[in-house]
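Taking it in order: structure first as structure tokens, then the write-up.
The values are calculated or read from the model by the stated rules, or taken from the named source; none is laboratory data. On a predicted model such as this, the values are computed, not experimentally measured, just so you know. Positions of Cβ are backbone-derived with ideal geometry, glycine not excepted, and every protein chain shown enters the neighbour counts. To get the accessible areas, we keep the full protein, side chains included, count just its heavy atoms, and leave off ligands, DNA and RNA. Shrake-Rupley method; radii C 1.70, N 1.55, O 1.52, S 1.80 Å.
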Amino acid sequence: MKRIYWLILFTGMFFTMCAQGHQKKSDNIKLTTMEFNKLTPEEERVIIHKGTERPYTGELLNNKSEGVYLCKRCDAELYRSSDKFDAQCGWPSFDDEIEGAVKRVQDADGRRTEIICNNCDAHLGHVFLDEGFTSKQTRHCVNSISLKFIPARQEGTSKVYFASGCFWGTEYFFMKAPGVKETTVGFMGGHVDNPTYEQVCQKNTGHLETTEVVFDPVVTSYEEMVKLFFETHDFTQTNGQGPDIGPQYLSSIFYSSQLEKEIAEKYINILTEKGYKVATMLKPASTFWEAENYHQEYYTYKGTKPYCHKYRKIF
Ligand SMILES: [Zn+2]
């Protein structure tokens with residue numbers, strides 16, 4: 001009986017201690033989250049509560065584009081694409097960080113070295129040394145979900161990405177827009193390199209049918225592109241576009257800079273105020289995989305018109 005009493009007492013004390021610990025931690029976060037980007041529950045699980053994303057699922061795992069990787073929570077620059085390498089471990093790997101951007105701390109497990117954002121303490125992953133992958137003998141094993149990728153810009157033109165269902169229809173409207181110099185259809189946002197149309201149609205590669213639009217910023221603007229995007233498809237549909245049902249047909253803007261993200265958010269807010277329930281996702285641009293030739297400028301070659309996209313003026 002006495003033993004049970006002590007057991008209950010200790011258990012009680014333990015939970016009280018834990019509860020206090022959690023309380024203190026979440027108070028700290030509360031004070032600072034106001035200034036940081038809003039996180040989804042899954043992002044919070046990894047970034048705040050130091051969870052780990054499932055291997056081979058991260059959007060940036062296979063990203064080979066040139067650019068810079070930022071902290072998802074505070075936008076601090078953390079890694080350069082030139083330091084990324086394939087460690088075949090299922091998470092993005094870097095053999096160096098941007099100077100002073102990443103802090104190393106002893107992991108709670110007492111064995112590993114945790115890496116956190118030096119600016120906001122966001123959990124990034126772990127660092128491992130002397131494994132022989134690269135001459136720097138360093139592997140920052142980073143959760144893709146803790147990162148945001150901003151591709152390097154090309155001089156003179158802007159390259160932007162939109163997914164609004166069947167890419168034949170998306171491209172049809174963008175290629176005719178004033179100031180647009182070039183359009184290409186392909187796939188973005190998945191976890192398989194160089195996917196074929198057939199693979200994407202299996203609905204398990206994670207890709208969206210995406211149109212790459214190159215425009216001349218002297219003649220037109222990203223705002224005009226975003227308006228055209230919303231005015232040529234049903235951005236309230238949540239399971240595809242028109243008769244095309246499936247994850248590859250979802251509506252998404254893939255932004256390449258903070259400015260693009262803010263412009264996209266601005267138009268989503270305008271539409272929400274107009275009473276629309278916007279289903280469009282905002283995602284950081286990742287590697288764009290060009291689709292097979294027969295998909296390019298499809299309606300021009302067919303001499304027909306899109307079946308699931310049409311223009312209607314909103315703005
Ligand atoms: Zn940060």
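If you take the Cα centroid of the stretch 114-138 and the Cα centroid of the stretch 86-103, the two points sit 6 Å apart.
With the cut-off at 1.5 for a/c, could you classify the chain from its C-alpha gyration tensor as rounded, prolate or oblate? Here the chain falls in the prolate category. Taking a ≥ b ≥ c as the square roots of the eigenvalues of the Cα gyration tensor, the stretch 212-308 is classed as oblate, since a/c reaches at least 1.5 and a/b does not exceed b/c. Overall shape: rounded for the stretch 51-139, with the ratio a/c of the largest to smallest alpha carbon gyration tensor axis below 1.5.
Here the calculated FRET efficiency for Tyr276 and Lys103, from their Cβ-Cβ distance with R0 = 51 Å, stands at 0.75, rounded to the nearest 0.05. Working from Cα pairs under 8 Å separated by at least six residues, relative contact order for the stretch 228-315 is 37 percent.
Among the listed pairs Lys50/Lys261; Lys50/Lys103; Lys84/Lys266; Lys159/Lys274; Lys64/Lys148; Lys103/Lys136, a Cα-Cα separation exceeding 23 Å is found for Lys50/Lys261; Lys84/Lys266; Lys159/Lys274. Accessible surface for the stretch 224-272, divided over its residues, is 35 Å² per residue with a 1.4 Å probe.
Distance from the Cα centroid of the stretch 196-255 to that of the stretch 274-297 is 3 Å (rounded to whole angstrom). Remark: relative contact order (the chain) = 16 percent; criterion is Cα-Cα distance under 8 angstrom and separation of 6 or more residues.
What net charge is computed for the residues neighbouring Thr134, neighbours being all others with C-beta under 11 Å from the C-beta of Thr134, Lys and Arg scored +1, Asp and Glu -1? Combined, the nearby Lys, Arg, Asp and Glu give -2.
Summed over qualifying helices (DSSP H, 4 residues or more, each -39500 (n - 2.57)) and divided by its residue number, the chain shows a 222 nm mean residue ellipticity of -8000 deg cm²/dmol. Expressed as a whole percent, the accessible surface of the chain that belongs to carbon and sulfur atoms is 54, based on a 1.4 Å probe.
Once the Cα atoms are used to define both axes, helix 258-273 deviates from the longest principal axis of the chain by about 80 degrees.
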